[in-house]
Structure formats: structure tokens, C-alpha cells
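The values are calculated or read from the model by the stated rules, or taken from the named source; none is laboratory data. Just so you know, these numbers come straight off a predicted model, no measurement behind them. With ideal geometry, Cβ positions are generated from the backbone for all residues, glycine too; neighbour counts draw on all protein chains shown.
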Amino acid sequence: MREMRTAAVTAMLALLLVACTSGDWRTKDISGMMPELAFNLTNENGQSVTAEDYRGKVTLLFFGYTFCPDVCPVTLARLSRILGKLDEDARRDVQVLFVSVDPRRDTPERLRAYTSAFGKDFIGLTGTQDQLKALNKRYRVTYGYGEPDENGNYVVSHSGAVFVFNRAGEARLLVRDSDPVEAVLADLRRIIESG
Amino acid sequence: MASFPEILGALAPYEWQPLVTLVVGGALVLFLRGLAAGTRPGGWRVAAFLLGLALMYAVTQTRYDYYAQYVFFIHRLQHLVLHHVAAVLIALANPLPVLAAGMPAGLRERVIRPLWRARPVQWVYRTLQFPPVAALLFVGLIYFWLIPSIHFDAMLSRDLYALMNWSMAIDGILFWWLALDPRAPGPGHYSVGFGKRCLMLAAVAFPQIVLGAYIVFADSDIYQIYDVCGRPWPISASTDQTIGGALTWIPSAMMSVLGVVIVLAFWHRHERGAEGRRARTAPASAAST
């Protein structure tokens, strides 16, 4: 017990030190904190896909649902604006994976119509509850459903952050709504340039 | 009614941590072996130890842990159990003699006892258990893990999350063992005077009240991590934060009151015991003069 206690204190101090020295990213650095991108899902054409199919580009991963009244359209529109500020070459190296955690309502067709409104690099994905739970748990996030109203509409609670992966699929950054556009842009450019 | 697979699913850990299973399982085996070896700690002490152990296991290694990772107030309840309630139960059970009796004699006499008596170990233990240090650690850990940026990382990183919960459980047991040790200070063991313990318990109550009230009355969303990670059901951030703050504030402070009551009872019993000893020795000394 006592040894564990001292070990814990030492580890805590070490973590603090690390936190203080590696802060040159302007959004949240999650390198080493999260595993590489991996999933089994269904794409907008109803085909089964894995993360391997999306390697080779810098990937932004975001969870949501198309009936989302606020967070999802706002976040996706903001991403669309940010990607629009990248030059042509850099843009070709980036894709956005929008994973719907509401597969009951979000059919592949509906997802395709929804994501195409934000740009051609926005790709809709969804899956079975097991597949979605596995992917959420992998990135330590979750989702859940509210009670349906008289019309059968319900609210879905889901992660509000964007996970950024490099071309090799390694987790790099977590981008929040509160991060300024320039900060996101600067960090994205850095990841695109570093390959 | 929940079906059998649902119940099994709820009892299974959300994220299995072998170290928790090992330590809780090991403590349980040692305790049962200690009972089998003939120690008689009394029914309520056995119950307190087993309940404390079961609570610690339940809040970290069942479906409960899933909700604790994504809902702030359920996380606060988890820490209330680890750092206060279960730790108090384990400390009150005074399980060390039973656990020691449950150990294989060779291991106990050749490894654990010499290690425990080693000077650096005693030095570390007595430093951590020096009341001002113990009080500072107890409150400091609560504050530390609730610093928004630290809390953010702890909820995002699996390792840091585990470290956070271990630190709360271990510090909880150390602190409450110091506060609720039934023995008065004496030769051959380390314990602290009853009056000092009451002061220590009062001292840790106020910072917890201040922190809890700060969270309850905060206008803004202090812990963004729960937005980032999503919620298991659509509970509003402000409701979650208010309940979580109240749990940090009220039950934790009540535990200090309860602690003081128990310490006063120990103190009273000790004084009565001392009077009894004086009464028994007084006639003899009177006769000799």
C-alpha cells in the first residue's frame, strides 16, 4: 500500500512535468493517449468498411446524428469553413468521417444527403449498436437516447469533440468547439505537413 | 424485470483492471484465511470489511464504472465511496490483525514484517500519517483531480483514470485509518491523540464544503470533458454539475461529523478504561504509603 502511494505520487509529478513541457500544440494533444483508428462500420452506400479503407489521409472523426438540432451542424459547418482555408493540395489530404450513432433513423441514403451538404470530403458512416459502442469505447466517449416525444422524435446525446488522426491512423489531436479557428488551422497544417 | 444476461452484463466490468481484481481478491482471501486461522474480530467488523471491499469493487469494476466515466455526479458518488464511505468501513473494521493472520507465516515473518519495520517504510508512513500532511493530502487529492484541465485528462486517459481512482482509495483508507484507529498513542505502534484527530476531521470538512459550494453555484460549465465525451443519456450539463457539487459538499462534510462522533466514543471508552486502571491500582498504592 505505502509503496503504491509513493509510486502514485511520483507518477503524478512525472505526468505534470510531461504536461508542462509538451504543450506546443494549440488544440489538445492526445498522442499516445488514444489508440490508432480502427473500426468496422457501414458507409453511405450500405457497404461494410474498416478503418483501413480510409488510411493515407489526415482524418477528422466526429460522432453525431443527422436529426441533431445544434452541435452537429454547427461543428460540421465550422470544419467545412476551416478546411476551405487550406490550399488545394492540403485539402486533398484531409477527410472528415461523420459517424452517426443513431442508425435507426440515419440510413445510408440519408447520411449521404446530409454529409454532401458540407463538402465532398465529408463521409457519413454508421453501424450496428455493437460496432458503434466498440468505436465509442475505443476513444473513451459514449452516446445515449432520450425519451421519444409524441411524434417519435428523440434527442441523442453524443461526443462533442473532433478526433484528429494522421495519415497512418495514429491519434493526434482532440478539437473542441471552444478552440479558435486559427488554432485548429495551424495544428491541422502541421499534421498535414508532417505526413 | 431485468433478464439474466442483462444482470450479468451489469456486473461485468466496463473496463477490466486486473490489478483491482488482484488486490480486492487477495484482500478477501487473506481476510477469510485469517478468520479460518482463528481470529475473532466480531460480526460487525467482518461485515464492515466485506461491505467496504464490495463497495470499492462495485464502483470500479461493474457497469457502474461506465456511468462514472461519463456522468459527473456519478463520478462524484464513485469518489465519495472510494475516498469516504468504503474507506471508513474498511478502517473501522480494523482488519490488519485478521489480514496478518491470514498470511502464510513465512511470508509474514520473513518479508512483510521486516519490510514494514524497515526505517524508510516507517519514515514514509509516519510522514504521510502526520495529521497536517494527512489532512492536506486528503483534501489536496480531491482538489487536484477536480482542477478542470487535470480532470479533463483523467477522464480521457485510461491510465490516468485508473491512477486517480487508486489514489482516492488508498488515501481514503490511510486517512480514515489514522482518524479511526481505536488505539490511543502508545509504545510499539503509531497513532495520534484523539483531540488532534477531531481537529483534523474538522479541518478537512471546510475545504470540501467550499469546493462543493463553488461547483453547485458556478454559472458556467466547469467540466467540459463531459461534453467532449458524450453522455449515456441526455442529462443537461448544469443539472449534472449541480448534483455533483452537492455530493462533493454535503455527504463528505457529514462524514467528518460522523468521524468526530466515532473518535469521541473511542476517546470516552479509553478514558473510562484509564480510570478503571487507576481505580484498580489506587488502593494498592494507598496501602503502601
Qualifying residue in the range B:194-203 (condition: at pLDDT 95 or above and touching a Ser or Thr at 6+ places or on another chain (Cβ under 6 Å)): yes
Enumeration of residues in the range A:29-54 that are among the charged types (D, E, K, R) and either surrounded by 15 or more Cβ atoms within 10 Å (Cβ to Cβ) or in contact with a Ser or Thr (Cβ under 8 Å, 6 or more places away or on another chain) (or both): A:Asp29, A:Glu44
Residues being over 20 Å from A:Ser80 (Cβ atoms) and either among the hydrophobic types (A, V, I, L, M, F, W, C) or away from chain B (no Cβ under 14 Å) (or both) - total across the range A:102-125: 6
Any hit, the range B:109-121, residues being surrounded by 20 or more Cβ atoms within 10 Å (Cβ to Cβ), at the interface with another protein chain (Cβ under 9 Å from one of its Cβ atoms) and either farther than 30 Å from A:Leu173 by Cβ or under 15 Å from the mean Cα position of the chain (by Cα) (or both): no
Considering residues of the range B:91-112 that are in contact with a Leu (Cβ under 7 Å, 6 or more places away or on another chain) and of a type in the set (A, V, I, L, M, F, W, C) only, the residue farthest from B:Ala54 (Cα to Cα): B:Met103
Some residue of the range B:66-80 being of a type in the set (Ser, Thr, Tyr), surrounded by fewer than 19 Cβ atoms within 10 Å (Cβ to Cβ) and more than 14 Å from chain A (Cβ to nearest Cβ): no
Whichever residue in the range B:218-235 is at pLDDT 95 or above and more than 10 Å from chain A (Cβ to nearest Cβ) and, among such residues, is farthest from A:Val156 (Cα to Cα): B:Ala218
Cβ pairs under 8 Å, 6+ apart, first in the range A:58-73 and in contact (Cβ under 8 Å) with a residue 60 or more places away in the chain and closer than 18 Å to A:Val164 by Cβ, second in a loop (DSSP other than H, G, I, E, B) and basic (Lys, Arg): A:Val58/A:Arg167
Residue check for B:Ser149: within 10 Å of another protein chain (Cβ to nearest Cβ) and surrounded by 20 or more Cβ atoms within 10 Å (Cβ to Cβ): no
Conditions (1) of a type in the set (A, V, I, L, M, F, W, C); (2) surrounded by fewer than 23 Cβ atoms within 10 Å (Cβ to Cβ); (3) within 14 Å of chain B (Cβ to nearest Cβ); (4) in a strand (DSSP E or B); number of the one not met by A:Val99: (2)
Residue within the range B:84-98 that is within 14 Å of chain A (Cβ to nearest Cβ) and more than 20 Å from B:Trp176 (Cα to Cα) present: no
Count of the range A:69-94 residues which are buried (at least 20 other Cβ atoms within 10 Å of the Cβ) and farther than 14 Å from A:Val184 by Cβ: 1
Flag if B:Ala169 is in contact with a Leu (Cβ under 7 Å, 6 or more places away or on another chain), under 13 Å from B:Val204 (Cβ atoms) and aliphatic (A, V, I, L, M): no
Output for the range B:5-25, where each listed residue is surrounded by 12 or more Cβ atoms within 10 Å (Cβ to Cβ), among the small types (Gly, Ala, Ser) and either in contact with a Ser or Thr (Cβ under 8 Å, 6 or more places away or on another chain) or within 18 Å of B:Gly102 (Cβ to Cβ) (or both): B:Ala10, B:Gly25
Evaluation of B:Arg40 against (1) under 23 Å from B:Val88 (Cα atoms); (2) under 23 Å from the mean Cα position of the chain (by Cα) (one fails), failing number: (2)
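Residue by residue, here is whether (1) within 14 Å of chain B (Cβ to nearest Cβ); (2) modelled with pLDDT of 60 or more holds:
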residue	(1), (2)
A:Glu3	yes, no
A:Ala14	yes, no
A:Ile30	yes, yes
A:Thr42	no, yes
A:Thr66	no, yes
Top-ranked residue of the range A:138-162 - restricted to ones that are more than 7 Å from chain B (Cβ to nearest Cβ) and within 17 Å of A:Leu60 (Cα to Cα), ranked as surrounded by the fewest Cβ atoms within 10 Å (Cβ to Cβ): A:Arg138
Qualifying residue in the range B:237-259 (condition: more than 14 Å from chain A (Cβ to nearest Cβ), in contact with a His (Cβ under 8 Å, 6 or more places away or on another chain), touching a residue at least 24 places away in the same chain (Cβ under 8 Å) and of a type in the set (Gly, Ala, Ser)): yes
Flag if B:Ser252 is at pLDDT below 95 and surrounded by 16 or more Cβ atoms within 10 Å (Cβ to Cβ): yes
